[in-house]
Amino acid sequence: MNADQLREQLKFYRDIGVDELYVREAIPSPVIPVSSSIDEGVTVASALPSLAPEGDTLEKIRQDIGDDCRRCRLCEGRAKIVFGSGNEQSGLVFVGEGPGADEDAQGLPFVGRAGQLLTQMIENTASKEGIPIRRPDVYICNVVKCRPPENRAPQPDEMEICGQFLFRQLMAIRPKAICAMGSTAAKAVLGTKEGVTKLRGKWHKWRDIPVMVTYHPSYLLRAYNVEAKREAWEDLKKVLHFVYD
Ligand code: SF4
């Protein structure tokens, strides 16, 4: 790996929220802050794992996960791995947090109440805006592929371990835009600690792909969130017009 390739790879790690890397040799200090490594152009002969192999495909990623992935503790309570569904050539990918009970049982993302709301939001907004798409035309997946116990939020190590598959999915699809739903997805994709309220409605970037942050549909299901529903509709309109106009 030459200096330019290494710089690119370090930038990629920084983009996905990895702040420190551990290398086995060539650098006296065991910890390299990613940002300073990029800025200073450090040359390291370390063998960083490639997160996105050449010619990566969704099929290959699914195979790499395997049928009984045990890379993190979320394997303990899951019934089915929920990889993702939809159009694999889609210009738009929705990213949620993780599977719930219905998704865990069926092995498909967003099939419970929140999923039904997401379907309605996509299809009703598209129809009102004159955009001829339906839910199967987009791709939908989550940060973690196995259901967290009691529907808790995924923990940082779980997000980091399973996040490698999400990033490979995004790189394999290379959509025109990503819609990150909820704070876990925003945190995973943008590597930020900012809340959804602050991030939503504006364009951000993951690598060179525009990212819109909006509320998670399960948050919108709560009766008092009328204003959030209106805002989510605005966010969705922006994304759909950006991708399909
Ligand atoms: S959440 Fe991801 S990394 Fe963890 S066990 Fe499931 S598939 Fe494997």
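The values are calculated or read from the model by the stated rules, or taken from the named source; none is laboratory data. What you are looking at is a predicted structure, and each value in this text was computed from that prediction instead of being measured. Cβ atoms come from the backbone with ideal geometry, glycine included; neighbour counts cover every protein chain shown. What goes into the accessible areas is simple: the full protein's heavy atoms, side chains included, and nothing from ligands, DNA or RNA. Shrake-Rupley method; radii C 1.70, N 1.55, O 1.52, S 1.80 Å.
Brief remarks on what is shown
- Residue in the range 224-243 that is of a type in the set (A, V, I, L, M) and within 29 Å of residue 73 (Cβ to Cβ) present: no
- Lone qualifier among 108, 92, 118 - being touching a strand residue (DSSP E or B) at 6+ places or on another chain (Cβ under 9 Å), at pLDDT 95 or above and within 16 Å of the ligand (Cβ to nearest atom): 108
- Condition met for residue 213 (over 28 Å from residue 168 (Cβ atoms) and not acidic (Asp, Glu)): no
- Restricting attention to the range 184-201 and to residues that are basic (Lys, Arg) and out of contact with any Ser or Thr (no Cβ under 8 Å at 6 or more places or on another chain), the residue that is least open to solvent (accessible area, probe 1.4 Å) turns out to be 187.
- Residue list for the range 149-183, filter: surrounded by fewer than 21 Cβ atoms within 10 Å (Cβ to Cβ) and closer than 17 Å to residue 217 by Cβ: 151, 153
- Selection status of residue 178, touching a residue at least 40 places away in the same chain (Cβ under 8 Å), more than 20 Å from residue 73 (Cα to Cα) and more than 18 Å from the chain's Cα centre (by Cα): no
- Note on the range 124-166: residues that are more than 12 Å from the ligand (Cβ to nearest atom), closer than 25 Å to residue 191 by Cβ and of a type in the set (Gly, Ala, Ser) amount to 1.
- A search for C-beta distances below 7 Å between a residue of the range 139-152 that is polar (S, T, N, Q) and any residue that is open to solvent by 10 Å² or more (accessible area, probe 1.4 Å), counting only pairs 6+ apart in sequence or on different chains, returns 142/97; 142/98; 151/100.
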